[in-house]
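The values are calculated or read from the model by the stated rules, or taken from the named source; none is laboratory data. Fair warning: this is a prediction, and the values are worked out from it, not measured in the lab. All Cβ positions, even for glycine, are placed from backbone atoms using ideal geometry, and neighbour counts span all protein chains on display.
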Ligand SMILES: [Cu+2]
């Protein structure tokens, strides 16, 4: 049975707190009861004290939620924190009331209270869940976890790993630096930390065998840090981006994973027995080893498997561009951004006045100072939307649309050979991308930068579908 295979071999899968069972209505469901609470975990290693964090079930990452495509997810969230919270299911095309944006799609879950989320994920793939209340602090303190929807017929691999990447800003005693949402982070690159972890461990080592084929689901849970990963002599094949299948390809360059993004790779471990090889990040000026593979003495097999690694195609409705409504969206502001004035609460204000209220970014000259703002896009259900997104700022912005995936059509005017589905495309400085999607999911949906400090500083809007 597939599930058992993963439970034995899937690393974090063994942490799942509840196994799926049949429900009263006899449709298959996976039920979980998850508690958001403070705890202590050792992030940096034995030479340092433990770090006080907030985590789902007290863990970082939080309890892995894993179900098989077609199963319903029933997640009871218990809030044992001293602050309100809510859970967003990132990348899932779910009913609006389950989207977890407190103040927009539900009231916050108050301390001591619970909330039941129930929905059936329509897509298999690699997703995650995280707090959507003061996210720049709550996610920054550890409130995130993997959400894995297994394909019914996954490609063959010897093993699967889930790598949830984070980037912590820690003091010398390994405690979290308590400067969330500060002015510099809001107006520059966001909260970039100093301790990158994989699954809550700094400089982790993964034991592997020569010849092994491993599927790695990489999830970037950082507040702001983007990654560009190199696997050295290995040749990872990308099989999915943001949870959606792509025709498997070998990337020409490093594998870029913006904040909130996900990439699934299939890797044949072709290194020599007893050798060690790092996975290196070099998105920013200083490159570093994120994690290392250490080969065992015994190879598993001499030659790599030759079975297919392709996933079944996506089931998202294809946008028909012939009847699309076009929206051009300009992102402006931030340090070195040249934004002079923008609309805040319906009033034109100079950047200085806007900044005094903590905001520095705008979409089409409008600052998002609240969640239930006037929508930038207001459309009928079923309408195809074509979005041109232009980044006039000096910083990268991973732009996340809730409740939908969008097809990435072009980058700086160059059409993609194979347009791909994304929910958090990373828009580089001065870059323009074109996207299209069918607005088929009714509700008020956030469309915002997933550099969480940028969203808090005004970089977001609403898409209303009625
Ligand atoms: Cu941003």
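Observations on the model:
- Residue 386 satisfies every condition listed in (1) touching a helix residue (DSSP H, G or I) at 6+ places or on another chain (Cβ under 9 Å); (2) closer than 24 Å to residue 100 by Cβ; (3) part of a strand (DSSP E or B) except (2).
- Residue within the stretch 391-401 that is in contact with a helix residue (DSSP H, G or I) (Cβ under 7 Å, 6 or more places away or on another chain), in a strand (DSSP E or B) and either within 16 Å of the ligand (Cβ to nearest atom) or not assigned by TED's automatic domain parsing to the domain that holds residue 443 (or both) present: yes
- Whichever residue in the stretch 190-216 is more than 14 Å from residue 140 (Cβ to Cβ) and in contact with a helix residue (DSSP H, G or I) (Cβ under 9 Å, 6 or more places away or on another chain) and, among such residues, is nearest to the ligand (Cβ to nearest atom): 199
- Condition check for residue 409: within 18 Å of residue 327 (Cα to Cα), assigned to a strand (DSSP E or B) and away from the ligand (no atom under 11 Å from the Cβ): yes
- The single condition from (1) more than 19 Å from the chain's Cα centre (by Cα); (2) surrounded by 17 or more Cβ atoms within 10 Å (Cβ to Cβ); (3) under 30 Å from residue 135 (Cα atoms) that residue 240 fails is (1).
- Count of the stretch 322-342 residues which are surrounded by fewer than 13 Cβ atoms within 10 Å (Cβ to Cβ) and modelled with pLDDT of 95 or more: 3
- Residues (in contact (Cβ under 8 Å) with a residue 60 or more places away in the chain, under 30 Å from residue 195 (Cβ atoms) and part of a loop (DSSP other than H, G, I, E, B)) located in the stretch 285-344: 296, 334, 335
- Residues in the stretch 438-459 that are more than 17 Å from the chain's Cα centre (by Cα), closer than 11 Å to residue 402 by Cα and within 9 Å of the ligand (Cβ to nearest atom): 0 in all.
- Subset of the stretch 330-345 that is away from the ligand (no atom under 13 Å from the Cβ) and in contact with a strand residue (DSSP E or B) (Cβ under 9 Å, 6 or more places away or on another chain) - its residue that is nearest to residue 386 (Cα to Cα): 330
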